1. Quick one: which of Leu54, Leu69, Leu103 is touching a residue at least 24 places away in the same chain (Cβ under 8 Å), under 25 Å from Val176 (Cβ atoms), of a type in the set (A, V, I, L, M) and touching a His at 6+ places or on another chain (Cβ under 8 Å)?
2. If we keep just the residues of segment 162-181 that are in a helix (DSSP H, G or I) and touching a residue at least 60 places away in the same chain (Cβ under 8 Å), which is surrounded by the most Cβ atoms within 10 Å (Cβ to Cβ)?
3. Looking only at segment 214-229, which residues are within 23 Å of Thr257 (Cβ to Cβ) and either modelled with pLDDT under 95 or in a loop (DSSP other than H, G, I, E, B) (or both)?
4. Farther than 23 Å from Ser119 by Cβ and buried (at least 20 other Cβ atoms within 10 Å of the Cβ): is that true of Met63 in this structure?
5. Just for segment 103-161: of the residues that are of a type in the set (S, T, N, Q) and in a strand (DSSP E or B), which one is surrounded by the most Cβ atoms within 10 Å (Cβ to Cβ)?
6. Can you tell me which condition Asp193 does not meet? The list is (1) surrounded by fewer than 19 Cβ atoms within 10 Å (Cβ to Cβ); (2) of a type in the set (D, E, K, R); (3) within 25 Å of Ala72 (Cβ to Cβ), and all the others hold.
7. Among the candidates Arg42, Arg64, which residue alone is touching a residue at least 12 places away in the same chain (Cβ under 8 Å), of a type in the set (D, E, K, R) and within 28 Å of Trp185 (Cβ to Cβ)?
Amino acid sequence: MAQVQLSAGTLEYVDSGGRGPVVVLLHGVAMDGTLWRNVVPRLAPGHRVVVPTLPLGGHRIPMRADADLSVAGVAGLVAEFLEALDLRDVVLVLNDWGGALALVALGRHERIGRLVITSCEAFDNYPPGLPGSNLVASARMPGGLGLAFGLLKLKPLRRLPVTWGWMSKRPVPHEVMNAWFRPLWTVPEVRRDLRKYVLGVPPEDELLRWTDALAGFTGPALVAWAAEDKVMPPAHGRRLAEILPDSRHVEIPDSYTLVPEDQPQALAEHIGSFLRDTAP
């Protein structure tokens with residue numbers, strides 16, 4: 001793990017190195033960069049793949065107490081991360097977490113050349129579906145996040161629709177999930193950071209403006225959505241593709257939201273084909 005100092009604190013990341021096009025992979029809430037562990041080896045040949053761990057609950061190093069960790073604040077950290085590493089003409093890939101869509105609305109996308117959107121939050125679906133509603137309810141109760149994630153030490157509870165059962169069609173390996181949840185189990189400041197994020201979702205009209213602002217992104221875009229998604233409606237993927245001026249849309253079968261878990265090979269093939277077809 002490498003580290004970079006940003007205004008909110010220390011961010012950890014993995015960098016494959018190399019001189020090819022830069023591909024930055026972003027994960028969702030209560031995860032870390034290992035979400036992409038089965039995709040990175042398929043993309044690394046010919047590309048420089050960079051995977052940051054965002055302060056969304058799976059991070060091991062707490063952010064500063066006064067850090068802005070709202071949806072817009074974390075999106076700003078992504079832009080700051082690209083600047084700190086001087087990454088240019090980036091292929092930005094996101095799954096589950098849709099906050100990076102705010103980069104366009106906030107005018108912070110000058111380093112992004114191409115965009116890959118896989119099943120993620122969009123329009124007013126923040127936090128998304130049953131798992132998102134459960135997370136918000138937990139964050140609003142004193143000690144609620146500690147209790148909610150503490151219950152996930154019981155492995156059968158991880159496959160409930162209100163937890164992770166609808167996130168991936170196939171169970172995420174328990175050792176991977178243990179690593180995702182351990183910071184929330186052991187570090188109160190990480191729970192504080194996640195609570196700030198969950199309760200920092202803007203009003204619905206602002207969320208809708210963010211999504212509509214994607215019409216201002218003129219670079220090539222790929223929208224790759226899970227065909228059986230129960231948390232991020234497949235119709236959202238089709239609508240996003242209609243908003244983006246230069247886009248292609250695919251639906252990946254036999255997958256829920258976490259396409260990098262359920263269908264890493266298919267996703268990597270779609271991304272690889274998109275990158276070849278849109279190479280400068």
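The values are calculated or read from the model by the stated rules, or taken from the named source; none is laboratory data. As the structure is a prediction and not an experimental result, all values here were calculated from the model. Because the Cβ atoms are built from the backbone with ideal geometry, glycine has one as well, and the counts that use them run over all protein chains shown.
1. Matching residue, one of Leu54, Leu69, Leu103: Leu54.
2. Among those residues, the one meeting the criterion is Trp180.
3. Matches in segment 214-229: Leu214, Phe217, Ala227, Glu228, Asp229.
4. Answer is yes for this residue.
5. For segment 103-161, the residue satisfying everything is Ser119.
6. The one condition Asp193 does not meet is (1).
7. Exactly one of Arg42, Arg64 is touching a residue at least 12 places away in the same chain (Cβ under 8 Å), of a type in the set (D, E, K, R) and within 28 Å of Trp185 (Cβ to Cβ), namely Arg64.
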